[in-house]
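What follows draws every value from the coordinates through simple rules; no lab data is involved. What you see is a predicted model, and the numbers here were worked out from it, not measured in a lab. Backbone-built Cβ (ideal geometry, glycine too); neighbour counts: all protein chains shown.
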Amino acid sequence: MSAIAEMTETVPDVGPSAFTQFERDFAARRRSARINWALGSALFFMLFFASAWIGDFFKITQVSLPDGTRAWRWIIGAGLPRLGEYVEKTLPVLRWESLGADFAEWFWRWKIWLKLLVETVLIAFMATGIGVIGGFLLSFPASRNLTPNKWVLFITRRLLELARTVPELVWALIFVFAFSVGPMAGVLAIAVHATGALGKLYSEVNENINMAPLEGVKASGGTWFDQIRYGAVPQVLPNIISYTLLRFEINVRSSSIIGYVGAGGLGQEFRTAMSFQEYTDLSALFIIIFLTVAVIDYGSEKLRHKMIGMGERA
Amino acid sequence: MPDSLNLINVSRHFGNTKAVDNVSLDIPPGQFVGVIGRSGAGKSTMLRLINRLIDPTEGEIRYGDRVVTQLKGKALRDWRRDCAMIFQQFNLVDRLDVLTNVLIGRLAERGFVSSMLMRFTDEERTMAIQALDRLDLVPQTLQRAGTLSGGQQQRVAIAKALVQQPRIMLADEPIASLDPANATLVMDGLRAINREDGITVLVNLHTLDTARAYCDRIVAMRDGRVMFDGSPCQLTNDVVRDIYGTEGLQEFNEAATSTQKVAVMA
């Protein structure tokens, strides 16, 4: 007897009781969903409150009032005006009558900054290049479906984790210690971190591919490398390009701060400006970096969408 | 000097199920063998065992004096080149062009560097074009494989198998995803290769009429065991009914993919 025949035959008999059963089950499911929601929300707010408590968000601090007396105030209320003070210090004096001269004074180190800006972008470019090569090569042994054996999987995965868990700034400190101050330390620091981050992203792409083409290559007598080159790489290439461009944007941001520890690029100027209390320099540098990152963001997004579009048409 | 392929008490277990159960076959060179049986009868597993995509739990496969089940490394890859395999889902690389897909059949001959750079010789490209020409696919040579129809993709897979210059061709349900007209083209292609090049063909099928129309010899499997092994005229409906029951006979005769009806009409 077919399934449909079975249904049409039995529904009239058990109909009413089936509906009652459904209503009972449905009510029970709604009830348990509501309880889960309430429990989940309570847990979330408890954790959030505890984190805020440990993070000193409820701290009461002593402040000086304008008349010189001391008073106890909530830390957020006491700190916000100081934030405004700091931002105000970084603002340059710009007058309409002498706008050109004021701008020239604001960006007085523009020759040095321009040179360092170029250095910053080049550090990011080279580090992305090295990171792509490293991440690409390691992503295949680090993919569960492609790895030749579980030891290789374990070792490459731990390696990639090590590379990306250590922040760029820490890698930079290590490389500055080893190779002295300069852009090379910055390139290496960002490259190592990018290798870890990209290797992870690429391997996630690899794990979603169709394995049939690889089997086809294997059945023709191809090696493991042949299977990867012919079966896997053509499938993952559009995604790899897209993630690479995204990483370049991130690396420009990183390379603009990494000079703070002496690893080349604009970052060293932040440090100089802060220690000499040249507050208006900070806003000038901020504008330079903001504009650069915006331009690169825009350009690489355009390029990326083009790539993805190409991938979909294929 | 072509050798014959021997399966000696070959078994393959997956957990508690015996996908292939103590199969012994002796296939002389140049034969066109059809393997029939319902899905799950162990047909695919048997072909994969021969190509060594999977290893047997017990038993031995020999080709002449080569012990296939003991091959490793380069010798194993050479064996896979010698017994080309065609899949139900074609297993081509959709994003590569047809020419490169066919040249994948030459990878066993290439060194590491030239293979990674996708560099092939003019002779190899000529071989590939000749193979494509035999299957009427030269106009599609530079198209991406993914843009072709199912029937065309399966013929690309046969061209790829041809440039391997194999001794044996294994075809795992090559026409199960194709319409009757394309199924006929693919089966005719396999027959031409068998007759003109003297290549042994081992093809899994699930329709009786196709098996009867093309094969010199039919092997029927059920639950991993060989239930019948003989010529097509020995495999009468009575024999099929004995092996698979009345339901089984109906299933085989009414299966959707059929080459014969079209062949008769054309």
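Tabulated data for the structure shown
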| read-out | value |
| --- | --- |
| Relative contact order (%) - criterion: Cα under 8 Å, at least six apart; region: chain B | 26 percent |
| Largest-first principal axis extents of the Cα set of the range A:152-280 (Å) | 68, 28, 19 |
| Residue-averaged 222 nm ellipticity for the protein assembly as shown, from DSSP H runs of 4+ at -39500 (n - 2.57), nearest 500 | -19500 deg cm²/dmol |
| Inter-label distance, nm, simple model (7 Å from Cα along the C-beta direction), A:Glu105/A:Phe57 | 4.3 nm |
| FRET E, pair A:Lys150, B:Asp78, Förster distance 41 Å, beta-carbon r, rounded to 0.05 | 0.90 |
| Exposed chymotrypsin sites (Phe, Trp or Tyr not before Pro) absent: longest stretch of chain A, with sites in DSSP loops and at most 16 other Cβ within 10 Å deemed exposed | A:109-275 |
| Average Cα contact separation per residue, chain A, under 8 Å, 6 or more apart, as relative contact order % | 18 percent |
| Angstrom value of the Kirkwood radius, inverse mean 1/r, which spans all Cα pairs in chain B | 19.0 Å |
| Å³ per residue enclosed by the Cα convex hull of the protein assembly as shown | 294 Å³ |
| Extent along principal axes [Cα atoms of the range A:14-54; Å; largest to smallest] | 59, 6, 5 |
| Built amide H within the under 5 Å cut-off of B:Phe120, gap 5+ | none |
| Scattering profile of the range A:227-304 at q = 0.11, 0.16, 0.21 Å⁻¹ [log10 I(q)/I(0), Debye over alpha-carbon scatterers] | -0.43, -0.68, -0.91 |
| Amide H contacts under 5 Å for B:Leu5, placed H, 5+ residues apart | B:Ile27 |
| Rg followed by Dmax, in Å, when the range A:64-185 is reduced to its Cα trace | 24.9, 74 |
| Nearest-20 debye value, the protein assembly as shown charge dipole, Cβ charges on Lys, Arg, Asp, Glu | 1280 debye |
| Estimated translational D of chain A in µm²/s (Stokes, Kirkwood radius over Cα pairs; 25 °C; 0.890 mPa s) | 97 µm²/s |
| About the Cα centre, charge dipole magnitude for chain B (Lys/Arg +1, Asp/Glu -1 at Cβ), debye | 680 debye |
| Long-range HN-HN contacts of B:Gln88 with modeled amide H, under 5 Å | B:Asp172 |
| Proximal lysines relative to A:Lys218, as straight alpha-carbon distance under 17 Å, when same-chain residues fewer than 8 apart are discounted | B:Lys72, B:Lys74, B:Lys160 |
| Distance from the range B:11-51 to the range A:43-62 (C-alpha centre basis), Å | 67 Å |
| Of the DSSP H helices in chain A, those whose Cα atoms cover at least 30 Å axially and whose Kyte score averages 0.5 or more | A:110-139, A:183-206, A:279-313 |
